[in-house]
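First comes the structure, then the notes that go with it.
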Amino acid sequence: MTSKQRLVIAIDGPAAAGKGTLARRIADHYDLAFLDTGALYRAVGLAMLRSGLDPDDAEAAERMARNLDLKLLEDPELRTLKAGEAASKVARHAGVRAALLDFQRDFARNAPNGAVLDGRDIGTVVLPDADVKLFVTARAEVRAERRYRELKEQGKDVSFEEVLAQVKERDARDAARATAPMKPAPDAHLLDTSEMDICAAFRAAREIIDAHMAGRTGERG
Ligand code: DC
């Protein structure tokens, strides 16, 4: 009777808005499975680069996505700027997106307590029926600063200007593509983290999720 209800949470937003860290915290807190869907696109992008293929080649990228080696999801090179750029390119191909769609939906469906998926089109395309949708953003300069610090900590030799230019270029490509462009679902809660640290963002997200769960209990009672 008191069985816990499943909870499916969609988190979307641009690169380096803090949605990955936030999504992991939410998954831990509510005991949900977590899928970083950007890693799937990065894995396809990286596989293309390693095979000497052009990420703009739609047919080759779709073939790669259909035969994706999931071991790549653990590859340290997945986090590099190069892999991110290749990911953003392969993510424009409708065939690649279709190939990755079932994997993402099955993941959410099969997680016993429910799941948190983070990406660009989770609330709009992958899981339009998600219980809670968050669209996490921050100003481009703030996001570039965060990414720049991360890369510096990893010992990478990059300039802030270079990172800012890449953040803006990736935003433009992700938002302008014809298939599943990055945009908030009409029923998404917007969370601008420009002036928030991760603790404040987590608190704000929890308020939204807890309010949803309280409403759901109310409906049943
Ligand atoms: O979140 P990320 O930086 O790891 O994502 C890498 C690229 O993958 C991003 O530029 C756009 C693409 N992506 C997507 O198109 N749809 C998703 N659900 C997740 C990522």
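The values are calculated or read from the model by the stated rules, or taken from the named source; none is laboratory data. Being a predicted model, the structure only gives us computed values, none of them experimental. So basically every Cβ, Gly included, is an ideal-geometry build from the backbone, and we count neighbours across all protein chains shown. Side chains are part of the model used for accessible areas, which takes the heavy atoms of the whole protein and leaves out ligands, DNA and RNA. Shrake-Rupley method; radii C 1.70, N 1.55, O 1.52, S 1.80 Å.
So what's the net charge close to Lys71: Lys and Arg +1, Asp and Glu -1, counting the other residues with Cβ under 15 Å from its Cβ? Local net charge: -2.
Given the alpha-carbon gyration tensor of region 153-192, what are the semi-axes of its equivalent ellipsoid in whole angstrom, ordered largest first, with each equal to the square root of 5 times an eigenvalue?
Working: eigenvalues 150, 41, 13 Å².
Result for region 153-192: semi-axes of 27, 14, 8 Å.
Over region 74-169, calculate the relative contact order: mean separation of alpha carbon pairs under 8 Å at least 6 apart, over the residue count, as a percent. Can you show the working numbers first?
Working: 37 pairs, mean separation 13.9, N = 96.
About 14 percent, as a whole number.
Which of these, Gly119, Gly84, Gly52, has the largest mean-square fluctuation under a Gaussian network model of the chain (Cα springs below 10 Å)? The residue with the greatest mean-square fluctuation here is Gly52. Once the 1.4 Å probe is applied to the protein heavy atoms, region 89-170 comes out at 47 Å² accessible per residue. Here's the picture: charge each Lys and Arg Cβ at +1 and each Asp and Glu Cβ at -1 in region 1-114, and of Ala94, Pro112, Gly20 the one pushed furthest to the positive end of that dipole is Pro112. Under a Cβ-Cβ cut-off of 12 Å, what is the net charge of the residues other than Ser51 that fall near it, where Lys and Arg count +1 and Asp and Glu count -1? Spelling it out: positives minus negatives among the neighbours equals -1.
Note down, for region 1-144, the three equivalent ellipsoid semi-axes (square root of 5 times each alpha carbon gyration tensor eigenvalue), biggest first, whole angstrom.
Values: eigenvalues 141, 63, 34 Å².
For region 1-144, the semi-axes come out at 27, 18, 13 Å.
Using a probe radius of 1.4 angstrom, the carbon and sulfur fraction of the accessible surface of the chain is 51%.
With the largest listed first and rounded to whole Å, the semi-axes of the equivalent ellipsoid of region 123-166 from the Cα gyration tensor are 31, 11, 9.
So for each of 17-29, 94-106 I average, over its residues, the number of other beta carbons within 10 Å; can you give me the resulting order with the highest mean first?
Numbers: 17-29: 20.3, 94-106: 16.8.
The densest-packed peptide leads the list: 17-29, 94-106.
Which one of Ala185, Phe160, Ala172 has its Cα pushed farthest toward the positive end of the charge dipole of region 139-221, where Lys and Arg give +1 and Asp and Glu give -1 at the Cβ? In region 139-221, that residue is Ala185.
Just from its helices, what would the mean residue ellipticity at 222 nm be for the chain, if runs of 4 or more DSSP H residues each count -39500 (n - 2.57) and the sum is divided by every residue, rounded to the nearest 500 deg cm²/dmol? Mind showing how you got there, number by number?
On the way: 8 runs with 116 residues, N = 221.
Mean residue ellipticity, 222 nm, calculated: -17000 deg cm²/dmol.
Working from Cα pairs under 8 Å separated by at least six residues, relative contact order for the chain is 31 percent.
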